Amino acid sequence: MKFWFKTVILITTFLIGLTFTSCSAKKDTKVEVDNIPKYSEVTVLENSNGSFNAFRVQDKTLNSIGTADNIREMSYNIKSSVYAQSINVLNGENSNKNVIDINASGKRTQLKDFYSAIDLKLSDSGSKLAFRTFKSNSLESAEGMKVYDIKNNKYLKLKSEVLISGNLYQWIDENRIIYYGSIEGQKNSQKIYVYDFNKDKEEVYLNDINGTCIYFIAMKNGILILSRQRDTQQLYYYNIEDKISKNISNNISEIYKSITKYKDGEVFFLGSEEGQTNALYMFSNADFTLKRVTYDFPKNIDISSGLAVDSQENVYFCGMENAEENNKKDVFMYDRKEGSLNLISTEEGNYSVYSETK
């Protein structure tokens, strides 16, 4: 009897240990004091045949700061010393498999409880990271948005039934994130919602979208929305405080990337008008004006290479002569004060641009 009891205890202990090992195997934390990225306010990465070079932007030039991991995407905050990077995993397949490396104040955490993760978005000071994941190398395996609490090293479970549409989510402050989606089986549930992690509660942020939301950009006192209804689209600004909408344009057909200057009430985005090439646009909620910044220089804009902004009101993006050769790109800077476009890379390469969260 005693032998049987001891055997049960040993087996139970083994199974409990195995369970905890299996759970913790998806997340590995260790101190990496000497491995903090040397990223700057605006960072440029170059993929040179699988080897990554990193540059800081200074005085309208690219200055090398060394090599980098096989980075697919990143989001970082220098002031808080938080760096989140999606690292490609070479597994012998032509796939999108990756893991997320989080370096926060010298402590490194790796998330890998998914096949791939994209659209990394840090909260304002970098205490939380939102991203969306896939179970396999298929778009049909999408798992939706996840939020990871970097400070407390754990996932945050949202009390929500909303199915978020793609990457339509954005932080509006350190503890609130807004997202567009609908509740399965519930009519007229396509809205923009807000989740407050302080209250652990979801509420409706914007009820009436005027059609289907294609893209939205959160601003200081409102939200810029691109919606589509049947064959027409509308870009409009909604003031959260006075709840008034103002039509901005009916010509914008797509928005791909955006970045906001909250202090100045300005938005820069890469988008397109029907039948025209991709371009850089600027919107101001001070006078509700929309301005197309680029035309023929550069000839083509690469929408997959990112968009960045610095504290001096300069905006960075990538462009190329031939749209079919996206490994031969250059880095361009739009000087907001001078209203000029500047080529800042000295040679073509497969570049991507990033700027820290603010």
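The values are calculated or read from the model by the stated rules, or taken from the named source; none is laboratory data. Keep in mind that what you see is a predicted model, and the values were worked out from it rather than measured. With ideal geometry, Cβ positions are generated from the backbone for all residues, glycine too; neighbour counts draw on all protein chains shown.
Quick one: how many residues across the stretch 133-164 are in contact (Cβ under 8 Å) with a residue 24 or more places away in the chain, more than 17 Å from V99 (Cα to Cα) and assigned to a strand (DSSP E or B)?
3
So F317 ticks every box in (1) within 22 Å of the chain's Cα centre (by Cα); (2) loosely packed, with under 12 Cβ neighbours inside 10 Å but one. Which box is left unticked?
The failed condition is (2).
Whether any residue in the stretch 228-237 is farther than 30 Å from D149 by Cβ, among the aromatic types (F, W, Y) and in contact (Cβ under 8 Å) with a residue 40 or more places away in the chain is what I want to check.
Scanning the stretch 228-237 turns up at least one residue that is farther than 30 Å from D149 by Cβ, among the aromatic types (F, W, Y) and in contact (Cβ under 8 Å) with a residue 40 or more places away in the chain.
Residues of the stretch 330-358 being closer than 18 Å to R56 by Cβ, crowded, with 16+ Cβ neighbours inside 10 Å and either of a type in the set (A, V, I, L, M) or without any contact (Cβ under 8 Å) to a residue 60 or more places away in the chain (or both), which ones?
D330, V331, F332, M333, I344, V353
Take the conditions touching a residue at least 40 places away in the same chain (Cβ under 8 Å), assigned to a strand (DSSP E or B) and over 22 Å from S86 (Cβ atoms) and apply them to I192. Does it pass?
Taking the combined requirement at face value, the residue does not satisfy it.
Here is a check on your reading of the model: is K121 at pLDDT 95 or above and closer than 20 Å to S80 by Cα?
yes
How about the stretch 254-299: which of its residues are out of contact with any Leu (no Cβ under 7 Å at 6 or more places or on another chain), surrounded by 19 or more Cβ atoms within 10 Å (Cβ to Cβ), within 23 Å of S352 (Cα to Cα) and not hydroxyl-bearing (S, T, Y)?
The answer is K261, E266, F269, G271, P298.
Among the residues that make up the stretch 115-132, is at least one of them part of a strand (DSSP E or B), loosely packed, with under 13 Cβ neighbours inside 10 Å and out of contact with any Gly (no Cβ under 6 Å at 6 or more places or on another chain)?
There is no residue in the stretch 115-132 that is part of a strand (DSSP E or B), loosely packed, with under 13 Cβ neighbours inside 10 Å and out of contact with any Gly (no Cβ under 6 Å at 6 or more places or on another chain).
Would a scan of the stretch 312-328 turn up a residue that is part of a strand (DSSP E or B) and over 25 Å from N251 (Cα atoms)?
yes
Which condition does K187 not pass, out of (1) more than 23 Å from K220 (Cβ to Cβ); (2) touching a Phe, Trp or Tyr at 6+ places or on another chain (Cβ under 9 Å), if it passes all the others?
Among (1) more than 23 Å from K220 (Cβ to Cβ); (2) touching a Phe, Trp or Tyr at 6+ places or on another chain (Cβ under 9 Å), K187 violates only (2).
Residues to consider are D59, D34, D69; find the one that is among the acidic types (D, E), at pLDDT below 95 and in contact with a strand residue (DSSP E or B) (Cβ under 6 Å, 6 or more places away or on another chain).
Result of the check over D59, D34, D69: D69.
Testing N96 on (1) within 17 Å of I36 (Cα to Cα); (2) of a type outside the set (G, A, S); (3) surrounded by fewer than 20 Cβ atoms within 10 Å (Cβ to Cβ), one condition comes back false. Which one is that?
(1)
Looking only at the stretch 81-114, filter to residues that are in a loop (DSSP other than H, G, I, E, B) and touching an Asp or Glu at 6+ places or on another chain (Cβ under 9 Å); which one of those is nearest to S340 (Cα to Cα)?
G106
Which residues, counting only those in the stretch 147-176, are closer than 19 Å to Y215 by Cα and touching a Leu at 6+ places or on another chain (Cβ under 9 Å)?
Across the stretch 147-176, the qualifying residue is only W171.
Among the strands (runs of 3 or more DSSP E) lying completely within the stretch 239-307, list those that include at least 2 residues that are hydroxyl-bearing (S, T, Y) and either at pLDDT below 95 or in contact with a Ser or Thr (Cβ under 8 Å, 6 or more places away or on another chain) (or both). Spell out the reasoning first.
On the way: elements: 244-249, 252-261, 266-273, 279-284, 289-292.
Per the criteria, 252-261.
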